[in-house]
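K.L.:
Here it is, the structure, as structure tokens.
The values are calculated or read from the model by the stated rules, or taken from the named source; none is laboratory data. Remember, predicted model here, so these are calculated numbers, not experimental data. Cβ sites come from the backbone with ideal geometry, for glycine too, and all protein chains shown count toward neighbours.
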Amino acid sequence: MRIRTPADLGALIRNTRKKLRLDQSTLAQKIGVSRLWLVEIEKGKPRAEIGLVLRTLDALRITLNATTPETQFPKNPDTPVVDIDRIVAGARSPRK
């Protein structure tokens with residue numbers, strides 16, 4: 001699952017918690033936070049202490065994998081480079 005927003009992360013936490021058949025109180029107690037904190041995270045609270053978020057993910061057995069442009073799109077001399085920005089700009093420019 002690709003996480004782009006706090007709401008995406010909250011949905012992942014909520015869905016995983018439910019799949020594991022944990023209620024909010026039980027999970028909150030397990031990670032050492034209040035139930036209200038967990039409710040806010042599941043709703044996509046944009047500002048949360050990263051340590052607590054990581055502890056939550058660990059308690060749910062969710063692992064994070066980070067990619068950089070280099071690892072996501074490794075350079076291969078045989079692969080043609082596509083400049084999507086140029087394509088979009090060309091499509092938006094007025095026709096002559």
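K.L.:
Which of the residues that make up region 39-48 are in contact (Cβ under 8 Å) with a residue 40 or more places away in the chain and surrounded by 12 or more Cβ atoms within 10 Å (Cβ to Cβ)?
P.N.:
Passing the criteria: only Ala48.
K.L.:
Could you check region 25-38 and list, in sequence order, the residues that are assigned to a helix (DSSP H, G or I) and either touching a His at 6+ places or on another chain (Cβ under 6 Å) or in contact (Cβ under 8 Å) with a residue 12 or more places away in the chain (or both)?
P.N.:
Hits for region 25-38 are Leu27, Lys30, Ile31, Trp37, Leu38.
K.L.:
A further question follows. Filter region 52-81 down to the residues that are of a type in the set (Ser, Thr, Tyr) and either surrounded by 10 or more Cβ atoms within 10 Å (Cβ to Cβ) or not in a helix (DSSP H, G or I) (or both), then identify the one that is modelled with the lowest pLDDT.
P.N.:
Among those residues, the one meeting the criterion is Thr79.
K.L.:
List the residue pairs whose Cβ atoms are under 6 Å apart, where the first residue sits in region 49-68 and is among the charged types (D, E, K, R), the second is modelled with pLDDT of 95 or more and in a helix (DSSP H, G or I), and the two are 6 or more positions apart or on different chains.
P.N.:
Arg55/Ile31
K.L.:
I need the full set of residues from region 26-58 which are of a type in the set (Asp, Glu) and under 13 Å from Thr16 (Cβ atoms), in order please.
P.N.:
Glu42, Asp58
Condition check ((1) at pLDDT 95 or above; (2) surrounded by 13 or more Cβ atoms within 10 Å (Cβ to Cβ); (3) not charged (D, E, K, R)) across all residues:
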position: Ile3; (1), (2), (3): no, no, yes
position: Ile13; (1), (2), (3): yes, yes, yes
position: Thr16; (1), (2), (3): yes, yes, yes
position: Leu22; (1), (2), (3): yes, yes, yes
position: Ser25; (1), (2), (3): yes, no, yes
position: Gly32; (1), (2), (3): yes, no, yes
position: Trp37; (1), (2), (3): yes, yes, yes
position: Ile50; (1), (2), (3): no, no, yes
